[in-house]
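Scroll down for the structure; my scribbles are underneath it.
The values are calculated or read from the model by the stated rules, or taken from the named source; none is laboratory data. What you see is a predicted model, and the numbers here were worked out from it, not measured in a lab. Every residue, glycine as well, gets a Cβ built from its backbone with ideal geometry; the counts of neighbours run over all protein chains shown.
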Amino acid sequence: MLEKIKTLGQLKQIASEARANGQKVVLAHGVFDILHVGHKRHLDIGKRHGDVLIVTLTTDKFVNKGPDRPVFAEKLRAEMVAGLESVDYVGISPNPGAEHVIEAVKPNFYLKGSEYSAEEDDVTGRIKTERLTVEKFGGAVLYTEDITFSSSNLSNRVLQLYPEDAAAFLKDLRTRITAADLIKEVAAVHSMRCLIIGDTILDEYIYVEPLGKPAKENIIATKYRDREIFCGGAIATANLAAQLCERVDLVTLLGQEDSHEEFVRSSLHENIKLVPFYRKGGRTTVKSRLVDPAYVKKLIEIAYLSDEALPDQEQAALNDWVESKIESYDAVIVNDFGHGMIDSGLIDIVCRKARFLAVNAQTNSANRGFNLVTKYPRADLICIDEPEARLATMERYAPIETVVRDKLERRIDCHAFIVTHGKLGSIVYTPKGGVKRIPALIGEAIDTIGAGDAFFALAAPLVAKGSDPFLAAFIGNAVGAMKVRIVGQRHQITKPEILKYLSTLLK
């Protein structure tokens, strides 16, 4: 059985020799995570149309079905598929799609299930590309018509992939909405033009090995291993919003010294227009963290920041630009980290003139108690976390539902509040819908930094376009679950990945 598993180079040679001998080659490509009778019949049909059946699997890295997928690692999946009698050879593709495999194998038939025959329904856009690649080498796509099952559906029903409360929540949600409903909500946002206002923050991870306490000093010694730096703050928010929206303009503050502007620009999605303003004599905010790489545990943070108020002339230039442009945007999304960029004048402008205003005012170690969301007298959407909601209302112990419904709404003219709640998920409040809770979709997090920004980046444009805040928060929850499995911004979540995960959750 294991002798069937080959490298892509070996598969290329095998296919070439088969064609030279007049044999027909059939190629099937997919994840093949939870192997079931639908897979077997699909592959049996393929074998009946050719002489050599080759099956290639998507490598674990590119299985875009959300956190904790695939259930089985690629070598185990390859071994399971190799155990089927109809399969002649198995390979693992190192690429995200099948195009590279098709170019190597040049199959007579490329096998796909009937559910892929409508190319316009493919959220990844890859089916059309794969078909064109097959046809370029004289082959054809063979759509199989037989019993079909969904590995994701089977996983959701049989395996304990989600926390208990999330599993019950998803089971109920599947009776009320479909993945197509959510995909439609996301698609509606595409034409929007959004303005994002917020601080640029660079997150530096310095990976160190803890050594212990030196004999003569009261410090913890560490040994340097490696270093990564990511664009966080409003940059991360803009990159995610740009996955949904056609045009995103980003107004942000960089330091005149150590601006890192070239790195910032290289990190932006192609449909983002950067509008930088500069703090004279200051530096772009860098938050440097010593991290134990074994568990991505942060040991200490050093913040390089200039967070005092901007000089009047610099602030006026920033405020004047926003005021002159703000009415041309469908939505204004404010990522307020409290690092001196956003003053009362800018708050007044966005509150008075934005067609739709979404606000996230963050509490962090540099501004605790001084950057409350209540400094915004009005908004159309407030998205903050539980400690930020409690600080803003000076309510330490009441249930968070009470904090939002009975206290936060009285302080801000806003009728849609979303409060993220860590491992407890999030709550959504609107006067019409009341308080609704959405549980966390994942149990263990690798890195929580940026998860709230990811949530906000998706929820804000959706609510601005008219989505039910509950659905927007659910989609935000899903993206937040994806983000906590990523170290820093090492990987930027894409729209196809989001849609695939939403489809997986509701199968």
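For region 301-310, check the following and say yes or no: at least one residue is among the aromatic types (Phe, Trp, Tyr) and in a loop (DSSP other than H, G, I, E, B).
Among the residues of region 301-310, not one is among the aromatic types (Phe, Trp, Tyr) and in a loop (DSSP other than H, G, I, E, B), which makes the answer no.
Let me confirm something: among Glu308, Glu246, Glu257, Glu261, which residue is within 30 Å of Gly345 (Cα to Cα), out of contact with any Cys (no Cβ under 6 Å at 6 or more places or on another chain) and at pLDDT 95 or above?
Glu261
Does region 48-56 include one or more residues that are among the polar types (S, T, N, Q), modelled with pLDDT of 90 or more and buried (at least 19 other Cβ atoms within 10 Å of the Cβ)?
The answer is yes; a qualifying residue exists.
If the Cβ limit is 8 Å and pairs must be 6+ apart or interchain, which residue in region 448-465 that is free of Cβ contacts under 8 Å to residues at least 60 places away in the same chain and within 12 Å of Gly488 (Cβ to Cβ) pairs with which residue that is surrounded by 23 or more Cβ atoms within 10 Å (Cβ to Cβ) and of a type in the set (D, E, K, R)?
Short answer, once both residue conditions are applied: Ala451/Lys483.
Which strands (runs of 3 or more DSSP E) does region 410-491 wholly contain that include 1 or more residues that are under 30 Å from Ser288 (Cβ atoms)?
Filter on region 410-491 gives 417-420, 426-430.
Does region 326-339 contain any residue that is part of a strand (DSSP E or B) and over 27 Å from Lys280 (Cα atoms)?
Yes, region 326-339 contains a residue that is part of a strand (DSSP E or B) and over 27 Å from Lys280 (Cα atoms).
Among the listed residues Val484, Val435, which satisfies the condition of being within 30 Å of Phe62 (Cβ to Cβ) and touching a residue at least 12 places away in the same chain (Cβ under 8 Å)?
One residue alone meets the criteria, Val484.
Which number in (1) out of contact with any Phe, Trp or Tyr (no Cβ under 9 Å at 6 or more places or on another chain); (2) crowded, with 21+ Cβ neighbours inside 10 Å; (3) within 30 Å of Ile183 (Cβ to Cβ); (4) of a type outside the set (Gly, Ala, Ser) marks the one condition that Thr200 misses?
(3)
Let me confirm something: among Ala236, Ala331, which residue is in contact with a Cys (Cβ under 6 Å, 6 or more places away or on another chain) and assigned by TED's automatic domain parsing to the domain that holds Leu357?
Step by step, each of Ala236, Ala331 is checked, and only Ala331 is in contact with a Cys (Cβ under 6 Å, 6 or more places away or on another chain) and assigned by TED's automatic domain parsing to the domain that holds Leu357.
Name the single residue, out of those in region 222-231 being out of contact with any helix residue (DSSP H, G or I) (no Cβ under 7 Å at 6 or more places or on another chain) and not aromatic (Phe, Trp, Tyr), that is modelled with the lowest pLDDT.
Thr222
If you take the residues of region 357-372 that are over 15 Å from Gly233 (Cα atoms) and in contact with a Leu (Cβ under 8 Å, 6 or more places away or on another chain), which of them is surrounded by the most Cβ atoms within 10 Å (Cβ to Cβ)?
Looking at the filtered set, the residue picked out is Ala358.
I want to confirm something. Restricting to region 17-32 and keeping residues that are over 14 Å from Val90 (Cα atoms) and touching a residue at least 24 places away in the same chain (Cβ under 8 Å), which single residue is surrounded by the most Cβ atoms within 10 Å (Cβ to Cβ)?
Ala18
Pull out all pairs, ordered by first then second residue, where Cβ-Cβ is under 6 Å, the residues are six or more apart or on different chains, the first lies in region 365-384 and is under 14 Å from Leu346 (Cβ atoms), and the second is of a type outside the set (A, V, I, L, M) and part of a helix (DSSP H, G or I).
Pairs found: Pro377/Cys351.
Out of the residues in region 395-409 that are of a type outside the set (Val, Ile, Thr) and assigned to a helix (DSSP H, G or I), which is surrounded by the most Cβ atoms within 10 Å (Cβ to Cβ)?
Leu408
Exactly one of these conditions fails for Phe470: (1) in contact with an Asp or Glu (Cβ under 9 Å, 6 or more places away or on another chain); (2) at pLDDT 95 or above; (3) more than 22 Å from Cys351 (Cα to Cα). Give me its number.
(1)
Let's see how each residue does on (1) out of contact with any helix residue (DSSP H, G or I) (no Cβ under 8 Å at 6 or more places or on another chain); (2) more than 26 Å from Asn319 (Cβ to Cβ):
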position	(1), (2)
Val186	no, yes
His190	no, yes
Cys194	no, no
Glu204	yes, yes
Ile220	yes, yes
His260	yes, no
Asn271	no, no
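Tyr207 - would you say it is modelled with pLDDT of 95 or more, surrounded by 13 or more Cβ atoms within 10 Å (Cβ to Cβ) and farther than 30 Å from Phe277 by Cβ?
It is true that Tyr207 is modelled with pLDDT of 95 or more, surrounded by 13 or more Cβ atoms within 10 Å (Cβ to Cβ) and farther than 30 Å from Phe277 by Cβ.
Per-residue answers, yes or no, for (1) surrounded by 13 or more Cβ atoms within 10 Å (Cβ to Cβ); (2) at pLDDT below 90; (3) not hydrophobic (A, V, I, L, M, F, W, C):
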position	(1), (2), (3)
Ala118	no, yes, no
Ile127	yes, yes, no
Ile147	no, yes, no
Leu154	yes, yes, no
Leu161	yes, yes, no
Ala187	yes, no, no
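Among (1) touching a Pro at 6+ places or on another chain (Cβ under 8 Å); (2) under 30 Å from Asp226 (Cα atoms); (3) modelled with pLDDT of 95 or more, where does Cys351 come up short?
With respect to (1) touching a Pro at 6+ places or on another chain (Cβ under 8 Å); (2) under 30 Å from Asp226 (Cα atoms); (3) modelled with pLDDT of 95 or more, Cys351 is out only on (2).
Among residues belonging to region 209-250 that are charged (D, E, K, R) and free of Cβ contacts under 8 Å to residues at least 60 places away in the same chain, point out the one that is farthest from Val332 (Cα to Cα).
If we take residues in region 209-250 being charged (D, E, K, R) and free of Cβ contacts under 8 Å to residues at least 60 places away in the same chain, then Lys216 is farthest from Val332 (Cα to Cα).
Out of all the residues in region 461-487, which are buried (at least 21 other Cβ atoms within 10 Å of the Cβ), out of contact with any Pro (no Cβ under 8 Å at 6 or more places or on another chain) and under 17 Å from Val296 (Cα atoms)?
Within region 461-487, just Lys483 meets the criteria.
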